[in-house]
Amino acid sequence: MADDGTILIGKSVKPEVLLLKLANRHGLITGATGTGKTVTLQVLAEGFAAHGVPVFAADIKGDLSGVAAVGDSKPPFVKRAEELGLKYQPDQFTTVFWDVFGEQGHPVRATISEMGPLLLSRLLDLNDTQEGVLNIAFRIADEQKLLLLDLKDLRAVLTFIAENASELTTKYGNVSAQSVGTIQRALLVLENQKGEKFFGEPGLEITDLMKTDRDGRGVINMLAADKLMANPRLYATFLLWLLSELFEQLPEVGDLDKPKLVFFFDEAHLLFNGAPKVLLTAVEQVVRLIRSKGVGVYFVTQNPLDIPDTVLAQLGNRVQHALRAFTPRDQKAVRAAAETFRQNPKFKTEEAITQLAVGEALISTLEGRGTPTMVERTLIAPPMAQVGPITPQQRAQCMRDSGFAGKYDTMVDRESAYEELMKRKGMNADGSSVEASTSGGGILDTIGGWLGGSTERPKTGPGSRGGRLPPSMAEKVITSAARSAATTIGRQVGQAILRGVLGSMMGGKR
């Protein structure tokens, strides 16, 4: 590998390279099944890692895990290297494996609060009315400083809303039992799909994805996604959340000599299928702005039509493998793909797309001040690490050597919304009864104060509720509020818990 600030992708009439200083202008890898997209992804991931750039990629079929093992000099790869004028040099790359389910990698988690109502609504496939109820749940949790960490916390707040709907209607609008019930059922389905393993603490620290090894090469972070793909919405929502966290937490750095992180988004069509307009707008905004944080995003999908035009226009580096033109939609996709390239007078791009062999692609990357190069028909370079999955024993060894063993393995269930609301009912977390607190005073002396600003203690007796919660509930709120304020020290501190551009329409940053 020449240290010239480029990654070799392949060779046409000349070497086709990706400029590291323009790699944060994002990219697109497309092509039909079996045309070589995964190998191209591996070549790029190896190239970035070799230049000291950390990589995050989802391993849909398990094939990408081979980057952690030394290549085995297969004759086709050696021959391809010779055709490109290269010497095949077997290599391997430091790889950290992650897994939402904690089975094939270190567990990766987020809290319910970090995810926010917008992404959760997408995950649970809620309609506008149900999403409105979910927003109310988050607002109430924020105002009462109830930590939403896991699914049982969200369930508890939803139950609280359903039980006190009449008292909350004046401030927040109508909350129907049907909407709450629908959300609860959707949460149950998610739990049955083991989705509850994603929500909780300790949450993933973004900086753990941006490591280099002792040789200064970028660590490749591999998300085991073969089982995760059984729930496509969870897969897409997780990656959107991760993209949002990168956007929120990383500082502005402008144009660097090379990216701080490159993010490969495989099966990218799952992001956009059926997504509401507000979410598409948020994704477009993040993709447009995140390059100034030093992050390059590369979408991998079969069909360029899977990507909305507003996002597609921002993907400057493109690798187009073969497309088939059997149906009208296929033919439209071929034309659309051809039109996005800077045309080469030596061949017809639209015809070439349907004639490409496996391991061959049309490539156009950015050069100079960001101008796309003329499209070239290119032989893709061979990966230097193993192509194909590693063994479970090799994966286990990588996990032991990652430096994260023990950091994320055990879920922590600290006091949060569920425990607080159980105490307000005079119950322990396990459902057993405890003596209700009778202490008074404090900013939440009455539920009336919370809902309407009054600091008067509520009257007792018939006809005295006046839209307020019962006095017994108010008295329990007093002591639990102080306790809740103490437990907010950690990842959610201080004022209302606000979510990022993809987490909530509220916006805000930690």
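The values are calculated or read from the model by the stated rules, or taken from the named source; none is laboratory data. Nothing here was measured: the structure is a model prediction, and the numbers come from that model. Here Cβ is always computed from backbone atoms with ideal geometry, including for glycine, and neighbour counts include all displayed protein chains. Ligands, DNA and RNA are stripped out before the accessible areas are found, and what is left, the full protein with its side chains, is counted by its heavy atoms. Shrake-Rupley method; radii C 1.70, N 1.55, O 1.52, S 1.80 Å.
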If we keep just the residues of segment 15-39 that are of a type in the set (Lys, Arg) and under 30 Å from residue 254 (Cβ atoms), which is least open to solvent (accessible area, probe 1.4 Å)? 25
Residue by residue through segment 117-151, note down the ones that are among the hydrophobic types (A, V, I, L, M, F, W, C) and assigned to a loop (DSSP other than H, G, I, E, B). 126, 146, 147, 148, 149
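Residues of segment 408-418 being in a loop (DSSP other than H, G, I, E, B) and not aliphatic (A, V, I, L, M), which ones?
Here is the first cut: in segment 408-418, the residues in a loop (DSSP other than H, G, I, E, B) are 408-411, 413-416.
Of everything in segment 408-418, those that are in a loop (DSSP other than H, G, I, E, B) and not aliphatic (A, V, I, L, M) turn out to be 408, 409, 410, 413, 414, 415, 416.
Only one of 41, 8 is touching a helix residue (DSSP H, G or I) at 6+ places or on another chain (Cβ under 8 Å), part of a strand (DSSP E or B) and not aromatic (Phe, Trp, Tyr); which? Spell out the reasoning first.
On the way: 41 fails: part of a strand (DSSP E or B).
One residue alone meets the criteria, 8.
Can you pull out the residues in segment 216-249 that are in a loop (DSSP other than H, G, I, E, B), more than 20 Å from residue 274 (Cα to Cα) and modelled with pLDDT under 95? Let's see the steps before the verdict.
Going through segment 216-249, the residues in a loop (DSSP other than H, G, I, E, B) turn out to be 216-217, 219, 225-227, 231.
In the following step, the residues that additionally are more than 20 Å from residue 274 (Cα to Cα) were identified as 216-217, 219, 225-227.
Of everything in segment 216-249, those that are in a loop (DSSP other than H, G, I, E, B), more than 20 Å from residue 274 (Cα to Cα) and modelled with pLDDT under 95 turn out to be 225, 226, 227.
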Matching residues, segment 60-102, being closer than 24 Å to residue 23 by Cα, assigned to a loop (DSSP other than H, G, I, E, B) and either open to solvent by 30 Å² or more (accessible area, probe 1.4 Å) or at pLDDT 95 or above (or both): 86, 91, 92, 93, 94
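Within segment 187-206, how many residues are small (Gly, Ala, Ser) and either over 16 Å from the mean Cα position of the chain (by Cα) or not in a loop (DSSP other than H, G, I, E, B) (or both)? Reasoning before the result, please.
Taking segment 187-206 and keeping what is small (Gly, Ala, Ser), we get 195, 200, 203.
If we keep only those that are either over 16 Å from the mean Cα position of the chain (by Cα) or not in a loop (DSSP other than H, G, I, E, B) (or both) too, we end up with 195.
Total meeting the criteria: 1.
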Only residues in segment 270-281 that are open to solvent by less than 70 Å² (accessible area, probe 1.4 Å) count as the first member; pair them with residues that are of a type in the set (Gly, Ala, Ser), Cβ under 7 angstrom, at least 6 apart or cross-chain, and list the lot. 270/236; 271/236
Matching entry among 287, 297 (being farther than 23 Å from residue 128 by Cβ, open to solvent by less than 10 Å² (accessible area, probe 1.4 Å), at pLDDT 90 or above and assigned to a strand (DSSP E or B)): 297
Only one of these conditions is not met by residue 57: (1) farther than 19 Å from residue 359 by Cβ; (2) open to solvent by 10 Å² or more (accessible area, probe 1.4 Å); (3) in a strand (DSSP E or B). Which number is it? (2)
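Test of understanding: among 186, 165, 230, 156, which residue is open to solvent by 10 Å² or more (accessible area, probe 1.4 Å), free of Cβ contacts under 8 Å to residues at least 24 places away in the same chain and not hydroxyl-bearing (Ser, Thr, Tyr)? If you could, list the steps in order and put the result at the bottom.
Values: 186 fails: free of Cβ contacts under 8 Å to residues at least 24 places away in the same chain; 230 fails: free of Cβ contacts under 8 Å to residues at least 24 places away in the same chain; 156 fails: free of Cβ contacts under 8 Å to residues at least 24 places away in the same chain.
Only one candidate qualifies: 165.
Which residue, of 209, 148, 154, is within 30 Å of residue 54 (Cα to Cα), at pLDDT 95 or above and under 23 Å from the mean Cα position of the chain (by Cα)? Working first, answer last.
Working: 148 fails: within 30 Å of residue 54 (Cα to Cα); 154 fails: within 30 Å of residue 54 (Cα to Cα).
Going through 209, 148, 154 in turn, the sole match is 209.
For segment 219-234, does any single residue satisfy the condition of being among the small types (Gly, Ala, Ser) and touching a Lys or Arg at 6+ places or on another chain (Cβ under 9 Å)?
Pass one, segment 219-234, residues among the small types (Gly, Ala, Ser): 224-225, 230.
Subset that is touching a Lys or Arg at 6+ places or on another chain (Cβ under 9 Å): 224-225.
Within segment 219-234 (the criterion being among the small types (Gly, Ala, Ser) and touching a Lys or Arg at 6+ places or on another chain (Cβ under 9 Å)), the answer is yes, since at least one residue qualifies.
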Touching a Ser or Thr at 6+ places or on another chain (Cβ under 7 Å) and at positive phi: does that describe residue 102? no
If you check residue 260 against the conditions, is it within 15 Å of residue 108 (Cα to Cα) and open to solvent by 10 Å² or more (accessible area, probe 1.4 Å)? no
Whether any residue in segment 5-14 is among the polar types (S, T, N, Q), surrounded by fewer than 23 Cβ atoms within 10 Å (Cβ to Cβ), without any contact (Cβ under 8 Å) to a residue 24 or more places away in the chain and over 14 Å from residue 91 (Cα atoms) is what I want to check. yes
State which residue is surrounded by the fewest Cβ atoms within 10 Å (Cβ to Cβ) when the search covers only segment 361-407 and only residues that are among the charged types (D, E, K, R) and part of a loop (DSSP other than H, G, I, E, B). 369
From the residues in segment 309-337 that are open to solvent by 30 Å² or more (accessible area, probe 1.4 Å), part of a loop (DSSP other than H, G, I, E, B) and not hydrophobic (A, V, I, L, M, F, W, C), which one is farthest from residue 44 (Cα to Cα)? 327
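Return the only residue of 410, 340 being out of contact with any helix residue (DSSP H, G or I) (no Cβ under 6 Å at 6 or more places or on another chain), farther than 22 Å from residue 55 by Cα and surrounded by 14 or more Cβ atoms within 10 Å (Cβ to Cβ). Please lay out each step first, then the result.
On the way: 410 fails: surrounded by 14 or more Cβ atoms within 10 Å (Cβ to Cβ).
The unique qualifying residue is 340.
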